[in-house]
Amino acid sequence: MGLKRNMKLLELKLKEYFTSLYQRALGSVIVMEWTRVQKSMFVLALMIGLSFFFLFYIAIVFLDQEWRPYINEPMFRILGLQIVATIALSSVLMWCCFIWRNSLFANQYMPFIVNAFYAVAMCANGYMLGAMSPATGIFLIGTPIIGLALFPRIIVMPLTILAMLIMMILAYAGTVGWIPYAPAFNGVERTDLQQSSIFYFYTQLYFMLPPSLIIMVLSDVIFKQWHERGREVTLLSQLDSLTNLYNRRTVNEHLERLLKMSTEADRISILLLDLDFFKQVNDTHGHMAGDDVLREVGHLLQSTMRKNDLAGRFGGEEFIVVLYRSAHEIGMSVAERIRARIAEIRVTSPAGKVVHVTASVGVSTFSPFGMTGIDQILSQADQALYTAKDAGRNQVVHYDQLSVLNPVLADHSPNFSLDHADHEHQAPNLARP
């Protein structure tokens, strides 16, 4: 039992180690951000690695007296020289890529040269091993996938189609007897067909497995980075570039989802914030200081949110906070805490002056169950914000208080608008999507 447990622990540790190694060595490499010359060097490095692997096989077969009778020795020597030439030319091309890595000419033309060289080398090796062999098929099918992930289609597709046509012609010519098929193994007297078949099987397996593993690993790395990059692009489209909060469209979509998924018992609180006299900050201290204030408010709101809450910028100096499953008391408590912390923000202007602001907050709490739209929700919070600013600013007002604080406003429910009459400046006209 102790031995089994130790073996299980060793297996788990090895799995954890190799997973961590994979993530550090490959998963963290942002291949998609490489230049075309760097990607070309990467392809050449793979070619050199595979060529040494194939060269090792040739040396083993020549040294093994049991397997040697099953090969065409003159053609195997040619195959060896062919692989050595591939290593030498790949090294020269890699050196050229390194020397001219910052050259616009190299970034434009070197990928075509490298991919053309790769296609020629693989076709030559494929012909020697068998144009219809599994190993050749792996190269013809797998490598274009990596190529299309690294290089433009205009480079990869023509070469891929050309290579496939060449291999089809070679396969047909070998089948009808115009040229030797798989010349590295052709022309040998096979006295023992079973042993010959076993040798050919292991040969194909040897040439198949490394490229297959490389293609699988690289595909995983590249396509995972593609998905990550796609998620980043999606996230960026949802954010306000200055404050890093969600933009107005995303907040609206979030509210619409809450209307659909909420139960009858759920309560949601909406907080609308407006920075008081913000126009004076821009006029007195400059827009750079104003932007710094907005960033600080954005950071503050992000640090205040729970997991299911959401904060966004509605435009100009207006912000919104959506508190999921938050009753009246929670909404007011969070709003008051945010208002107090905004009042503590201090920003130094380019002129060395200390800038501080206050905020007025309007709160609305509601049950989204059965509601058909968000306009009424936002309108209530907007009315509460209007009342907070009209009552002197730097305070929090809940919509439920309007009947006491502003009976006239409570009786008249205007259309939702963030461009309040008493705002210090005209906010951008951000139409609701």
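The values are calculated or read from the model by the stated rules, or taken from the named source; none is laboratory data. Note that the structure is predicted; figures quoted are calculated from it, not measured. In this analysis, Cβ positions are derived from the backbone assuming ideal geometry, glycine residues included, and neighbour counts consider all displayed protein chains. Accessible surface areas use protein heavy atoms only, side chains included; no ligands, DNA or RNA. Shrake-Rupley method; radii C 1.70, N 1.55, O 1.52, S 1.80 Å.
Can you work out the Karplus-derived ³J(HN,Hα) for every residue in the stretch 382-389? Use 6.51 cos²θ - 1.76 cosθ + 1.60 with θ = phi - 60°, whole Hz, and x for glycine or proline.
With the stated coefficients, the stretch 382-389 comes to 5, 5, 5, 5, 4, 5, 4, 6 Hz.
Could you tell me how many cubic angstrom of Cα convex hull volume the stretch 39-78 has per residue?
Cα-based convex hull of the stretch 39-78, divided per residue, equals 61 Å³.
Can you give me the relative contact order of the stretch 131-203 as a percent, contacts being Cα pairs under 8 Å and 6 or more apart?
27 percent
Heavy-atom accessible area per residue, the stretch 332-395, 1.4 Å probe: how many Å²?
43 Å²
Given points 7 Å out from each Cα along the Cα-Cβ axis, report the Gln38 to Arg249 separation in nanometres with one decimal.
Here the answer is 3.1 nm between the modelled labels.
Mind listing which GluC sites (Glu not before Pro) in the stretch 217-298 are in a DSSP loop and have 12 or fewer other Cβ atoms within 10 Å?
Sites meeting the loop and neighbour criteria: Glu264.
May I ask you to list the residues of the stretch 34-62 whose amide nitrogen lies under 16 Å from a point 7 Å from Cα along the Cα→beta-carbon direction of Gln195?
61-62
Once you treat every alpha carbon in the stretch 250-401 as an equal point and sum by Debye, what is log10 I(q)/I(0) at q = 0.09, 0.10, 0.15, 0.21 Å⁻¹?
-0.28, -0.34, -0.73, -1.29
Rounded to whole Å, give me the distance from the Cα center of the stretch 45-91 to that of the stretch 201-256.
38 Å
I'd like the FRET efficiency for Asn102 and Thr175, computed as 1/(1 + (r/R0)^6) with the beta carbon distance as r and R0 of 60 Å, rounded to 0.05.
Given R0 = 60 Å and the Cβ-Cβ separation, E is 0.80.
How big is the stretch 114-160 along each principal axis, measuring the range of its Cα positions in Å and listing the largest first?
Taking max minus min along each principal axis of the Cα atoms, the stretch 114-160 gives 30, 17, 13 Å.
Taking all protein chains as present, what is the carbon and sulfur share of the accessible area of the stretch 114-266, in % to the nearest whole number, probe 1.4 Å?
It is 69 percent, rounded to a whole number.
Per q in 0.09, 0.16, 0.17 1/Å, what log10 I(q)/I(0) does a Debye calculation on the alpha-carbon atoms of the stretch 111-251 return?
With no solvent term, the Cα-only Debye profile gives -0.43, -0.91, -0.98.
Distance check, please: which entries in Lys279/Lys353; Lys260/Lys307; Lys260/Lys389; Lys39/Lys224 exceed 26 angstrom between their Cα atoms?
Pairs exceeding 26 Å: Lys260/Lys389.
Given R₀ = 56 Å, what would the calculated FRET efficiency be for Asp64 paired with Ile154, taking r from the Cβ atoms and rounding to 0.05?
It comes to 0.80.
Per residue, how much accessible area does the stretch 123-274 show when a 1.4 Å probe rolls over the protein heavy atoms, in square angstrom?
That works out to 53 Å² for each residue.
At 7 Å along the Cα-to-beta-carbon direction for both Trp226 and Asp283, put a label point, then send me their distance in nm to one decimal.
5.4 nm
To check my understanding: the extent here is largest minus smallest coordinate of the Cα atoms along each principal axis. What are those three numbers for the stretch 174-246, in Å, largest first?
78, 27, 13
Highest mean first, how do 332-340, 303-311 rank when packing is the count of other Cβ atoms within 10 Å averaged over residues?
332-340, 303-311
Quick one: what does P(r) look like for the stretch 229-336 with 10 Å bins over all Cα pairs, in whole %?
Values per bin, smallest distances first: 14, 42, 32, 12, 2.
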